[in-house]
Amino acid sequence: MEVTINNEGDKLVAVLQGRLDTASAAQFSNDIAPLIQQAEKTIVLDCKELEFISSSGLRLFLNLRKATMSKGGSVTIKNVSNEIKQIFTITGFTSLFQFE
């Protein structure tokens, strides 16, 4: 799992690459720490190259959402594959996040 964070004015864009599963969840949590520190901004998770997300990954997405909501920010998820979008739909997460 690789995360690249770009500052684009008033928003932070995190490009996610690889598999977000139990094995990579701890590293992903460390990688997104800068997003949580700046959770008052709009955070965009670009999932174009995200191949898989497990329940551990979904939990980390929820943690990020909780941090942004408490600081007045927001999380938008974009470029989600049909397979990953289906996981969000089945778990009911589509109502928790904004999708582009």
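When both bridge partners sit in the chain, DSSP labels roughly 30% of those beta bridges antiparallel. With K and R counted +1 and D and E -1, the other residues having a Cβ less than 12 Å from that of residue 24 yield a net charge of -3. The modelled label-to-label distance between residue 86 and residue 36, using points 7 Å beyond Cα along the C-beta direction, is 3.1 nm. The angle between the Cα long axis of helix 55-71 and the longest principal axis of the Cα atoms of the chain comes to about 20 degrees, rounded to the nearest 10. When nucleic acids and ligands are ignored and a 1.4 Å probe is applied, residue 8 ends up with an accessible area of around 90 Å². Less than 5 angstrom separates the built amide H of residue 99 from those of 77, all sequence-distant by 5 or more or on a different chain. Taking a sphere under 13 Å around the Cβ of residue 2 and counting the other residues whose Cβ falls inside, with K and R at +1 and D and E at -1, yields a net charge of -2.
Once a ≥ b ≥ c are taken as the square roots of the eigenvalues of the Cα gyration tensor of the range 35-75, is the result rounded (a/c under 1.5), prolate (a/b larger than b/c) or oblate (a/b not larger than b/c)?
Taking the square roots of the gyration eigenvalues as a ≥ b ≥ c, the range 35-75 is oblate.
Of all the options 11, 41, 85, the one that moves most in a Gaussian network model of the chain with Cα springs shorter than 10 angstrom is 85. Note on residue 94 and residue 78: their simple-model spin labels are 2.0 nm apart, each label 7 Å out from Cα toward Cβ.
The values are calculated or read from the model by the stated rules, or taken from the named source; none is laboratory data. This structure is a prediction, so every number in the text was calculated from the model and none was measured. So basically every Cβ, Gly included, is an ideal-geometry build from the backbone, and we count neighbours across all protein chains shown. These area figures cover heavy atoms from the full protein model, side chains too; ligands, DNA and RNA do not enter into them. Shrake-Rupley method; radii C 1.70, N 1.55, O 1.52, S 1.80 Å.
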